[in-house]
Amino acid sequence: MNERQHPTTAQDSPVTVIGLGPMGRAMARVLLAAGHPVTVWNRTPGRADELVAAGAVRAATPGGAVAASGLVLLSLTDHRAMYEVLDGATGALAGRTLANLGSDTPERSREAAAWAAGHGADFLTGGVMVPAPMVGTPAAHVYYSGDPGVMDRHRPVLARLGVPKYLGEDPGLAQLMYQAQLAVFLSTLSALMHATAMLGGAGVRAAEALPELLASADAIGAILRAGERTPGAALDAGEHPGHLSTVTMMGATADHIVDTSAALGLDLALPRAVQGHYRHAIDHGHGGDNWTRIIDGIRAPHRPVGPRGAGPDRSGGPGQPCR
């Protein structure tokens, strides 16, 4: 069936799920529970057994899986895996919508959208922002980007997986947001493990350390939202008022963390990276600015250092990144 020509209601829309890792299986289970006819395919057929027992149809080939539904959810490692799986099924793609919910770069997402269009298929990029057990729960949300009309057409079905958050027409946007969110997530996890290792050097057990450290992590959002103007608004305006946490003050703390970690014999990659952000800002004459000034060095890490205090601030005008 060509969904473009024969739309169905959200309740009876057939959906195909290709890729049955933990996330793919979770999505298929949620869709089955909601009453959708679900077709599944995986390179290792046995991963579909539980889903088939619950009512899913196991396709013999990727082409058969694509042909079974107007909406095809891809839960694969990356776009290379998508090409490997679908290269032999391109004849079935015309009139279908591929919603790629795996991970890759924004640029490769744009390339994948062009590849799909070349075979007559619509393409949505998605980023699932919860672990597999939370798919379909009220806490779940998924970022999407791509053609707005295609998004509107499939929104009722996609909402089964989690609240759809549509970012725009650029197919790379959802992956950019996904990667940005994971940059925060992964960096925070590494910071928690580093801090736990620091405390472990003094004999503090992880079971005792982590609750204290998690309280600090939980408080970050409240700290950043405090005040009359949020850091985001100030960053967009190019403002870094240094009346509270200055680059110099935070940089001194970063130095102390490096020294303490070194004395404990810990890996220094993470604390040195953080230290480098503050040193870059100080070297460019911004020690008295708010700590948010470190974004300049992140945006343009190789900008040469000139004489301190010489000439105007070259970090960019309001809302403008360093160049």
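Quick notes on this one:
- For the range 232-248, a tally of residues being exposed (fewer than 15 other Cβ atoms within 10 Å of the Cβ) and either part of a helix (DSSP H, G or I) or not assigned by TED's automatic domain parsing to the domain that holds Asp289 (or both) returns 3.
- Pair list, Cβ < 6 Å and 6+ apart or interchain, from the range 101-127 residues that are over 15 Å from Leu176 (Cβ atoms) to residues that are in a helix (DSSP H, G or I): His119/Thr90; Asp122/Val150; Phe123/Ala113; Phe123/Ala116
- Hey, Arg155 surrounded by 16 or more Cβ atoms within 10 Å (Cβ to Cβ) and either under 21 Å from Ser69 (Cα atoms) or in contact (Cβ under 8 Å) with a residue 40 or more places away in the chain (or both) or not: no
- Residue within the range 219-229 that is surrounded by 12 or more Cβ atoms within 10 Å (Cβ to Cβ) and within 27 Å of the chain's Cα centre (by Cα) present: yes
- Extreme residue, surrounded by the fewest Cβ atoms within 10 Å (Cβ to Cβ), among residues of the range 75-94 that are modelled with pLDDT of 95 or more and among the β-branched types (Val, Ile, Thr): Thr90
- Any hit, the range 206-213, residues being modelled with pLDDT of 95 or more, surrounded by fewer than 15 Cβ atoms within 10 Å (Cβ to Cβ) and touching a Gly at 6+ places or on another chain (Cβ under 7 Å): yes
- Which listed residue is of a type outside the set (Asp, Glu) and either modelled with pLDDT under 95 or assigned to a helix (DSSP H, G or I) (or both), from Leu270, Leu266: Leu270
- Subset of the range 22-68 [small (Gly, Ala, Ser) and over 24 Å from Gly120 (Cα atoms)]: Gly24, Ala26, Ala28, Ala33, Ala34, Gly35, Gly46, Ala48, Ala53, Ala54, Gly55, Ala56
- Among residues of the range 221-231 being assigned to a helix (DSSP H, G or I) and of a type in the set (A, V, I, L, M, F, W, C), the one that is farthest from Gly287 (Cα to Cα) is Ala222.
- Exactly one residue out of Gly102, Gly55, Gly63 is touching a His at 6+ places or on another chain (Cβ under 9 Å) and small (Gly, Ala, Ser): that is Gly102.
- Candidates in the range 256-281 are the residues that are under 22 Å from Arg303 (Cα atoms) and among the charged types (D, E, K, R); of these, the one that is surrounded by the most Cβ atoms within 10 Å (Cβ to Cβ) is Arg279.
- Residues located in the range 9-55, provided they are aromatic (Phe, Trp, Tyr) and either in a helix (DSSP H, G or I) or under 22 Å from Arg153 (Cβ atoms) (or both): none
The values are calculated or read from the model by the stated rules, or taken from the named source; none is laboratory data. Quick caveat: nothing in here was measured; it's all calculated off a predicted structure. Ideal geometry is used to build each Cβ from the backbone, glycine not excepted, and the neighbour counts take in all protein chains shown.
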